[in-house]
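Shown next, in structure tokens, is the structure this report addresses.
The values are calculated or read from the model by the stated rules, or taken from the named source; none is laboratory data. This one's a predicted model, so the numbers in the text were calculated from it and none came from an experiment. Because the Cβ atoms are built from the backbone with ideal geometry, glycine has one as well, and the counts that use them run over all protein chains shown. Surface accessibility is based on the protein's heavy atoms, side chains included, excluding ligands, DNA and RNA. Shrake-Rupley method; radii C 1.70, N 1.55, O 1.52, S 1.80 Å.
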Amino acid sequence: MDRRPARRQAFVALFLFAALVVAVLTGMANRQPDPAQLAAQVVTATPPPPTPTDTPVPTATATATPSPTPENTPLPDTPTAVPPTATPVPTATPLPPTPTPLPPVGAPVRLQIPKIGVNAAVESVGLTPDGAMGVPQNHDNVAWYNLGPKPGEPGQAVIDGHVDSTTGPAVFWDLNKLKPGDQIIVVGSDKIARKFVIRTIEAYPEDQAPLQKIFGPAPGTHLNLITCDQSTPFDHSRHTYLGRLVIYADLAP
């Protein structure tokens, strides 16, 4: 049997298959990629850049602290709950107590000067018609000037007395023997004995006695005693000495 026709057919079939393969490979090599597909691949493959955020500027450079290894990391103690301390509510500051008004000072009823043995009743006088301070009617008494403060009230209380009489020495005869630091006691109608300490003793001519200093207002609580200065000449026409003796005293603390 002649086999040449069968061989020829097989050779032709092999040639055609080879030509088909070459044609397919040539077509794939010449095929251009689709730009849209390439763009899609680029977009998909390139991740979008991160959205910028506001980064706080550090005020100090922090020192990196190495993290402890797990085996060396101590377990934190379980905190014990501490009950909150109650804050006390402040109380209102109480107002200072209202000072109790002092009882009124009683009018003077007796004058005592222990050093010279005086213990005299006190009369109350004002001004005479000629504008002078009145004097006690009894030579053994003294007189308080009732137009000024009472002894023990703020200001200057004034008490006068005679130094002598037609029959002899009077209540203030020894007043010139007193010294600074000696005590004078005035007993009031309120039964309170108030002590005064002599500060100074002054002598003046009759017409030069400083009335403002003796009778005028002054801070503090004072008592002034006034009498005739028996060391000066006596004016027989007017029945008075030509000088005045004034004792200035302050309320004892």
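Overview of results
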| read-out | value |
| --- | --- |
| Residues satisfying the stated conditions in the range 225-242, i.e. touching a residue at least 40 places away in the same chain (Cβ under 8 Å) and closer than 16 Å to Lys177 by Cα | Leu225, Ile226, Thr227, Cys228, Asp229, Gln230, Ser231 |
| In the range 154-174, the residues that are surrounded by fewer than 16 Cβ atoms within 10 Å (Cβ to Cβ) and outside any strand (DSSP E or B) | Pro154, Thr166, Thr167, Asp174 |
| Members of the range 96-124 found to be part of a strand (DSSP E or B) and without any contact (Cβ under 8 Å) to a residue 12 or more places away in the chain, listed by number | Asn119 |
| Count of the range 171-185 residues which are in contact (Cβ under 8 Å) with a residue 24 or more places away in the chain and out of contact with any Gly (no Cβ under 7 Å at 6 or more places or on another chain) | 10 |
| Elements of type strands (runs of 3 or more DSSP E) contained in the range 175-253, each with 2 or more residues being open to solvent by less than 30 Å² (accessible area, probe 1.4 Å) and β-branched (Val, Ile, Thr) | 183-188, 221-228, 243-251 |
| Test: residue in the range 133-153 that is of a type in the set (S, T, N, Q), loosely packed, with under 13 Cβ neighbours inside 10 Å and within 50 Å of the chain's Cα centre (by Cα) | no |
